[in-house]
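Student: Below you will find the structure I want to go over with you.
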DNA sequence: TTGCCGTATTTGATCGATCAAATTGATTCT
DNA sequence: AGAATCAATTTGATCGATCAAATACGGCAA
């Protein structure tokens, strides 16, 4: 059925008695072709199973149709699934607009920039998507210098005048909501977070303070379950009756200290990132709208790529949602007797 | 410093007074070029920052230098990090051999085949890597039909005569070791697994049976923490003193029922996949050698791609390792008084 | 009828690389 | 010396598409 040698626009044109350019026009500018001719060509394309070779197109147009994205080292934490969801959303959105995602790894930010620059110069990618911005991030300047269009998932911490496009999730607003929810239930709400060197952690802590948190009721530590429990015990001893945590990993530990105090089926502990662990245990958590973020980022990036210029500098903050769950103490498993 | 217009082999050749082909040879077949000439060209390449355009190369060679890999929907379980590690390893290995990874999404196996076929015909990818094989998997036949070289991570369940290349992890052997370890400690070892419809689950269960497990001491259920606890309670009531679980998610639940019985700091519960949760809680777990698997798969795939033929049919089973950990009951957090 | 105009289609050139074959020049063999 | 051999380099053609400009053609006004 399918011919031995793959058809090309030229071979199709020859078979139909039209010119190469007409076939090309049917594909790229159908409006230029007379309907009758167009139909004939389209039918032939379908019948032959013709697919345009991107190499030929890329050579002429200087466009690859691909976006570069770094696959970050696996973080040794409970979360990580948030990134998975983000990757999935990005890939799907890109695909819907006819773009492909090119994955690569790099040990550090400098290598990342070097890799991206290289791929850009080789004509492998048309744009890049940066993840996980941090203080004094060298990447935006590096990429801007080589002319590669890019958008960052994460705001330019410490550089309010940054002249690039970014999208981020408003952790502060998310924690604010979570805290407010617990305060409304009459709680004295503590906060378990990361050391203040973490910009993301500071942002989330600010949300807790804004919603009425008392500096004395915070516990800043590493991101482990064990530390979550330790912090919760400390805070509880101080009179705190509920805690908001900067991550689900910490919340998982905190739950151990507060499980007994559940009110109306709701735990006085709220985590962050809405990971599978939170879902499995019935732990409330702040959920990042990563799908929306991916859509915004790609729109900005691809529009820029198609106009062959840098994305207009702009920042977008998305507000997370609060995922409330009923805590069903796992120790009292209902059907523990029968298989 | 960097010239306005990007240099090409032709422009470099003209500037050096050599021919285009000589520049090409310096890059692809340096052995053909006289050392003195080679040096001169190499220096010019470095000085100019020249990078070969893959589009030009691909057009001529009919090779894209990319491998297609589907990004699976995010699974709603505790694991998933295993896949992350695998992706990372694959990307890194591919990169080391000069290949790129092209990501895409698909709703089902048929769409996956259609996408891959398309990308292959468009010259976007040279080969594919399939993940997560299952019973009556339609993908191998589909890809073989269109001539796309591919290797599968996962054995051809239910089709021992499959004529393609695959690599898998010997879950049976892993569970066997885990069981044996507990048996050696004098335990009566139960098994908490998935319903027998799961080929992977059956394989792992076989390892438990082979190591002396008694059919009566098994509990098959869904993959949730809650079910893990339920199963453990049931089995404990039957006189089982330790359990091996088909996943860390189930093990996490089982721990709740067995935590009190820790012997010499080791829990009588062993999970599977060695996820972050297991690491965080000090739970022993069977660890899949995904990095080794990625390396083997890519070697087979890329060798085939470079010879423009299908990978020779072959199957490799890798033996997982048993990651033993000390259980430190989290309820007795040491410094719960001071921040 | 002639000339002009806009639509539909075609022709020629080009993107940047590699393949295949031809050429050059030095070396060896008879 | 002349032919044959081999290494180093060059030339011409080509991969498959798109851009830019040229041509064909029917309709319409002068």
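Student: Among the candidates A:298, A:322, A:267, single out the residue that is in contact with a helix residue (DSSP H, G or I) (Cβ under 7 Å, 6 or more places away or on another chain), away from chain B (no Cβ under 11 Å) and modelled with pLDDT under 90. Please lay out each step first, then the result.
Tutor: Values: A:298 fails: modelled with pLDDT under 90; A:322 fails: modelled with pLDDT under 90.
Step by step, each of A:298, A:322, A:267 is checked, and only A:267 is in contact with a helix residue (DSSP H, G or I) (Cβ under 7 Å, 6 or more places away or on another chain), away from chain B (no Cβ under 11 Å) and modelled with pLDDT under 90.
Student: Let me ask something else about it. Is region B:87-97 home to any residue that is farther than 27 Å from residue A:86 by Cβ, at pLDDT 95 or above and within 12 Å of DNA strand C (Cβ to nearest atom)?
Tutor: The initial filter retains those residues of region B:87-97 that are farther than 27 Å from residue A:86 by Cβ, namely B:97.
Imposing the further condition that a residue be at pLDDT 95 or above reduces the set to B:97.
Now drop any that are not within 12 Å of DNA strand C (Cβ to nearest atom), which leaves none.
For region B:87-97, residues farther than 27 Å from residue A:86 by Cβ, at pLDDT 95 or above and within 12 Å of DNA strand C (Cβ to nearest atom): absent.
Student: Next question, about the same structure. Can you pull out the residues in region B:47-96 that are more than 16 Å from DNA strand D (Cβ to nearest atom), closer than 20 Å to residue A:101 by Cβ and over 17 Å from the mean Cα position of the chain (by Cα)?
Tutor: B:66
Student: For residue B:291, state whether it is under 21 Å from the mean Cα position of the chain (by Cα) and more than 23 Å from residue A:223 (Cα to Cα).
Tutor: Taking the combined requirement at face value, the residue satisfies it.
Student: Could you list, in sequence order, the residues of region B:111-128 that are away from DNA strand C (no atom under 16 Å from the Cβ) and buried (at least 21 other Cβ atoms within 10 Å of the Cβ)?
Tutor: If the condition is that a residue be away from DNA strand C (no atom under 16 Å from the Cβ) and buried (at least 21 other Cβ atoms within 10 Å of the Cβ), then B:112, B:113, B:116, B:119, B:120, B:124, B:125, B:127, B:128 are the ones that fit.
Student: May I ask you to say which residue of B:100, B:85, B:63 is under 15 Å from residue A:124 (Cβ atoms) and facing another protein chain (nearest Cβ under 8 Å)?
Tutor: Just a single option satisfies the conditions, and that option is B:100.
Student: Considering only residues that are more than 19 Å from residue B:98 (Cβ to Cβ) and either within 11 Å of DNA strand C (Cβ to nearest atom) or assigned to a loop (DSSP other than H, G, I, E, B) (or both), which ones fall in region B:24-39? Spell out the reasoning first.
Tutor: Residues of region B:24-39 more than 19 Å from residue B:98 (Cβ to Cβ): B:32-39.
Hits for region B:24-39 are B:32, B:33, B:34.
Student: Could you check region A:41-60 and list, in sequence order, the residues that are surrounded by fewer than 18 Cβ atoms within 10 Å (Cβ to Cβ) and at the interface with another protein chain (Cβ under 7 Å from one of its Cβ atoms)?
Tutor: A:51, A:52, A:56
The values are calculated or read from the model by the stated rules, or taken from the named source; none is laboratory data. Source: prediction; values computed, not measured. Using ideal geometry, Cβ is built from the backbone for each residue, glycine included, and neighbour counts are taken over all protein chains shown.
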